[in-house]
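Okay, so here's the structure we're looking at.
The values are calculated or read from the model by the stated rules, or taken from the named source; none is laboratory data. Everything numeric in this text was worked out from a predicted model, so none of it was measured. No Cβ is skipped: glycine too gets one built from the backbone with ideal geometry, and neighbour counts run over all protein chains shown. Just the protein is used for accessible areas: all its heavy atoms, side chains included, with ligands, DNA and RNA removed. Shrake-Rupley method; radii C 1.70, N 1.55, O 1.52, S 1.80 Å.
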Amino acid sequence: PPWASLPAPALGLSPCRCAAPASSELLAACAWDGTVRIWSVCAAASAPLARRGGAAHVATYSHEMAALAAAFAPQGGVLFSGGADAAVRSFELSTGGLSAVGSHGGPVVAVATAEPHPSMVLSASLDKTVAVWDPRASSGAGAKPASTVALPERALCLDLRWPHALVGTGAAAAGAQLIDLRYAPAEAKPLKLHQSVSRFPPRSVALFPGGEGFCAGSHDGRVAVHFHSSSAGGAAGAAAAAPKAKAPWGEDFSFKCHRQGADKDRIYGVGALSFFPAKPHLLATA
């Protein structure tokens, strides 16, 4: 397929996010210079072959400090972002309006939305909390979240597939925390990580599209695949509310990736995990 080369910010990129299928031509990228950039990249698919791979800049806005996370609303018309300034912001693509959704007591490292509940926004922070926001009810720097979930450690990464949110925390002992958003007040329940990735805090997490389990990426170039039938025990297993059928691929396992060199001695952390929407059994790592 054709590739599009986009202008890079002055400092390094944080995550990149694509919009939902309804507005799949949109791509957003956060940067350490505080900017959040949005491009339209799908129009090239209908263009002549010689012009394919192009991209059009849509908008740029800024946080006061490094922009660390972003997520499009399910309909694609709004982008939510979080940054080291502890702020959660929303940007209306149709009007260019920038609003404050709320704020944390520390940097916001992850933001997520879910299609079944388009008015719900989750943000995870180094202040050891996950906040659930409803931008329709209140907004602004002093706005209060609809609910707050306390974590045993700092949040590092987040994935959301209704009705569960999975949070990777900043201590190997705390590992991954599962939140069932159907209950109020929601609580974080620990999930045991595969021994191959339990030495370090998880750098990325992803819930299975069908709810059967989750994946966790580590700092040492490994991905662990966990099935709720074997990895979620005790209270965490009850919170998962997942079928206890035998896992289709057997027990929990892990695999190595992102290693280079003749002896595979150059090892890179797995900073992102994502299941392919059209083929949910395919997992991409970066």
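Screening Phe208, Phe200 for residues that are within 22 Å of Ala114 (Cα to Cα) and either hydroxyl-bearing (Ser, Thr, Tyr) or modelled with pLDDT of 85 or more (or both) leaves exactly one candidate, Phe208. Checked against the criterion of being closer than 24 Å to Pro209 by Cα and either free of Cβ contacts under 8 Å to residues at least 12 places away in the same chain or not in a loop (DSSP other than H, G, I, E, B) (or both), the candidates Ser90, Ser99, Ser119 yield just one match: Ser119. In the stretch 173-188, of all residues being within 19 Å of the chain's Cα centre (by Cα) and more than 16 Å from Val132 (Cβ to Cβ), the one that is modelled with the lowest pLDDT corresponds to Ala174. Is it the case, given these coordinates, that Ala131 is buried (at least 19 other Cβ atoms within 10 Å of the Cβ) and in contact with a His (Cβ under 7 Å, 6 or more places away or on another chain)? Taking the combined requirement at face value, the residue satisfies it.
Considering the stretch 212-245, the residues that are at pLDDT below 55 and over 17 Å from Ile179 (Cα atoms) include one that is surrounded by the most Cβ atoms within 10 Å (Cβ to Cβ), namely Ser230. Whenever a residue of the stretch 256-280 is basic (Lys, Arg), its partners that are part of a loop (DSSP other than H, G, I, E, B) and open to solvent by 40 Å² or more (accessible area, probe 1.4 Å), lying with C-beta atoms within less than 8 angstrom and at least six residues away or across chains, give the pairs Lys256/Lys264; Arg259/Asp265; Arg259/Tyr268.
Is it true that Ala184 is among the aliphatic types (A, V, I, L, M) and closer than 29 Å to Ser119 by Cβ? It is true that Ala184 is among the aliphatic types (A, V, I, L, M) and closer than 29 Å to Ser119 by Cβ.
Just name the residue that is surrounded by the most Cβ atoms within 10 Å (Cβ to Cβ) out of those in the stretch 250-270 that are part of a loop (DSSP other than H, G, I, E, B) and touching a strand residue (DSSP E or B) at 6+ places or on another chain (Cβ under 6 Å). Looking at residues that are part of a loop (DSSP other than H, G, I, E, B) and touching a strand residue (DSSP E or B) at 6+ places or on another chain (Cβ under 6 Å), I get Val270. Evaluate the following for Pro152: is it surrounded by 23 or more Cβ atoms within 10 Å (Cβ to Cβ), at pLDDT 90 or above and part of a loop (DSSP other than H, G, I, E, B)? So Pro152 fails the test. Of all residues in the stretch 122-149, those satisfying the criterion of being in a loop (DSSP other than H, G, I, E, B) and either under 22 Å from Ser204 (Cα atoms) or within 17 Å of the chain's Cα centre (by Cα) (or both) are Leu126, Asp127, Lys128. Number of residues in the stretch 182-206 that are polar (S, T, N, Q) and either touching a residue at least 40 places away in the same chain (Cβ under 8 Å) or more than 18 Å from Arg222 (Cα to Cα) (or both) equals 2.
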